[in-house]
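What follows is a short report on a single structure.
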Amino acid sequence: MNNREIKFRAHDGSNWWVGLLVFHGSAVANYAQIIDRDTGIISDNAFTDSVGQYTGLKDKNGKEIYEGDLVRHVAAFFIPLDDGSKDMELVESEDVGSIVFDHGSFMFVTPEDPPRLSVTLWPGVGGLLSEDERYDFEVIGNIYENPELLSNE
């Protein structure tokens, strides 16, 4: 069994940083810093609400998927025709949602309240996604820089 890489990303107001997370908290201020594993460079103080953990997965284009990413998922499945026959119809469904960490797992969650779709990214952990389906995700932005992508079109 391969262990996934543990790393985080955070935004400092100018740049995204990826690496090890250092969180500083007090009654006066809360902020985070990211330490680049390769260079040892430490980020400026990053916004704590921008911190997201790497899921260990990549999207269909090879881009790493982080907590807080906005992703598009297109699923194709067969449903029976409503004519009494045993024929099936191919139906495609496209959903945009965010990646959250909830109930001990990274989840894909649509923006409705309650969510219309909420599934774990890892197959075999109470989720609906098969090994192949989890690669049908495409990162299209993140909740910090592109919240408008979650609005209904």
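What follows is calculated from the coordinates using simple rules that are stated; it is not laboratory data. Values in this document were obtained by computation on a predicted structure and should not be read as measured data. All Cβ positions, glycine included, derive from the backbone under ideal geometry; neighbour counts span all protein chains shown.
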For the chain, with +1 on Lys and Arg beta carbons and -1 on Asp and Glu, the positive-most of F47, Q33, S14 along the dipole
Q33
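About its Cα centre, how strong a charge dipole does the chain have in debye, to the nearest 20, once Lys and Arg get +1 and Asp and Glu get -1 at the Cβ?
Charge dipole of the chain: 740 debye, to the nearest 20.
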Can you order the peptides 55-64, 84-93 by their average number of other Cβ atoms within 10 Å per residue, highest first?
55-64, 84-93
Tell me, what ³J(HN,Hα) does each residue in region 103-109 have, in order and in whole Hz, if you take phi through Karplus 6.51 cos²θ - 1.76 cosθ + 1.60 with θ = phi - 60° and put x for Gly and Pro?
6, x, 8, 6, 10, 9, 10
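Below 8 Å between Cα atoms, with a sequence gap of 6+, how large is the relative contact order for region 1-50 in percent?
33 percent
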Report the gain in length on full extension from R116 to R37: 0.36 nm times residue separation, minus Cα-Cα distance, nm rounded to one decimal.
24.6 nm
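So what's Rg/Rh here for region 1-50, counting alpha carbon atoms and using the Kirkwood radius for Rh?
My calculation of the ratio gives 1.04.
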Among S98, S43, S14: highest mean-square fluctuation, GNM of the chain, C-alpha pairs under 10 Å
S14
Please report, in whole Å, how far the alpha carbons of the chain spread along each principal axis, starting with the longest.
66, 38, 27
Using 0.36 nm per residue of separation minus the Cα-Cα distance, give me the extension gain between S85 and K60 in nm, one decimal.
5.4 nm
Given an 8 Å cut-off on Cα distances and at least 6 residues of separation, report the relative contact order of the chain as a percent.
18 percent
Given backbone amide H placed at 1.01 Å from N, residues whose amide H is under 5 Å from that of G56, ignoring those fewer than 5 places away on the same chain, are I65
